[in-house]
1. Looking at this structure, is residue 166 of a type in the set (Gly, Ala, Ser) and under 18 Å from the mean Cα position of the chain (by Cα)?
2. When the residues of segment 164-186 are filtered to those that are surrounded by 14 or more Cβ atoms within 10 Å (Cβ to Cβ) and among the basic types (Lys, Arg), which remaining residue is farthest from residue 110 (Cα to Cα)?
3. Do the conditions hold for residue 114, that is, is it β-branched (Val, Ile, Thr), away from ligand 2 (no atom under 16 Å from the Cβ) and surrounded by 16 or more Cβ atoms within 10 Å (Cβ to Cβ)?
4. Condition first: surrounded by 15 or more Cβ atoms within 10 Å (Cβ to Cβ), over 28 Å from residue 217 (Cβ atoms) and within 16 Å of ligand 2 (Cβ to nearest atom). Can you find one or more residues in segment 5-15 that meet it?
5. Within segment 203-219, track down each residue that is touching a residue at least 24 places away in the same chain (Cβ under 8 Å), outside any loop (DSSP other than H, G, I, E, B) and either among the acidic types (Asp, Glu) or in contact with a helix residue (DSSP H, G or I) (Cβ under 6 Å, 6 or more places away or on another chain) (or both).
6. Mind checking which residues of segment 122-139 are surrounded by fewer than 17 Cβ atoms within 10 Å (Cβ to Cβ) and touching a residue at least 24 places away in the same chain (Cβ under 8 Å)?
7. Within segment 80-98, how many residues turn out to be touching a residue at least 12 places away in the same chain (Cβ under 8 Å), over 11 Å from residue 40 (Cβ atoms) and within 16 Å of ligand 2 (Cβ to nearest atom)?
Amino acid sequence: MKKIIIAIDGHAGCGKSTTAKAVARKMNYIYIDTGAMYRATTYYILENKIDIQDITEVKKALGEISLRFAINDVTGNIEIYLNGESAESKIRTMEITSKVSDVASIPEVRHFLVDQQQKMGTEKGIVMDGRDIGTVVFPNAELKVFMTSDVEVRAKRRQIELESKGEQVNFEDVLEDLKNRDHLDSTRKEGPLKVAQDARIVDTTNTTIEEQIDIIYQLAKEVAEAQ
Ligand code: CDP
Ligand code: CDP
């Protein structure tokens, strides 16, 4: 079967990465979490107290950032490495989450990351999730999915996830963050979150993870078989 590119975009917290990872495993494809790239870049910018209004400083910082995905020998998971060190445990806190959409709205940051993402897809056989994958990174992806779901359901699921990792969070704060990021992500000039013309819309409000994996896996098999 010919390998394809599967682009999964959508609102924050609707299960894109969980689904994309599982579909990649079933297809024997590579999974790329582009949100982790924006998060790791945000982490570097915050750690180094870069003024994001100063584009010269931002460009200098981008020149110092090296990102790659690799297996962490300790956890056995594929994680994002920032300048040689796994950044996985640092990039999913509420602090980073609340700043990432501001950093992701900077055109220079988007060009820096989109360029790397496009290079990762030259061999196809990848599942990539984010906000602009089907519209900007791979406008010719063979399968595009736009995932969405009720924002309160997403907030509840995200709260449970953060609490299971030991971070105590308030439901209202998580809800506010999701709404705020969806708004910023959808209204920025460069690479906004929007439904690609040829995307299949999948609403995950009432689906289990297993059901949504199956929906996208079936679509992926159909599209790949038709190549
Ligand atoms: O997992 P969650 O949906 O909360 O977010 P994520 O996928 O990790 O992405 C974090 C943030 O990175 C998003 O809210 C966007 O601001 C930005 N992002 C982006 O602008 N473009 C992408 N392709 C992926 C993420
Ligand atoms: O990548 P994205 O931000 O779209 O979502 P995610 O990180 O894959 O999922 C956010 C949280 O919702 C995770 O804890 C998932 O396990 C959970 N989830 C769920 O419980 N049921 C679903 N149908 C979808 C997601």
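Computed from the coordinates by the stated procedures, all read-outs in this text should not be read as laboratory data. Not measured: the values here are computed from a predicted model. FYI the Cβ positions are ideal-geometry reconstructions off the backbone, even for glycines, and counts take in every protein chain you see.
1. On the way: of a type in the set (Gly, Ala, Ser): yes; under 18 Å from the mean Cα position of the chain (by Cα): no.
Against the criterion (of a type in the set (Gly, Ala, Ser) and under 18 Å from the mean Cα position of the chain (by Cα)), residue 166 does not qualify.
2. 179
3. Yes.
4. No, that holds for no residue.
5. 203, 209, 212, 213, 216, 217
6. So in segment 122-139, the residues surrounded by fewer than 17 Cβ atoms within 10 Å (Cβ to Cβ) come out as 122-123, 125, 139.
Matches in segment 122-139: 123, 125, 139.
7. Applying the first criterion (touching a residue at least 12 places away in the same chain (Cβ under 8 Å)) to segment 80-98 yields 80-84, 86-88, 90-98.
Among the residues that remain, those that are also over 11 Å from residue 40 (Cβ atoms) are: 84, 93-95, 97-98.
Within this subset, residues satisfying the condition of being within 16 Å of ligand 2 (Cβ to nearest atom) are 93-94, 97-98.
Within segment 80-98, residues that are touching a residue at least 12 places away in the same chain (Cβ under 8 Å), over 11 Å from residue 40 (Cβ atoms) and within 16 Å of ligand 2 (Cβ to nearest atom) number 4.
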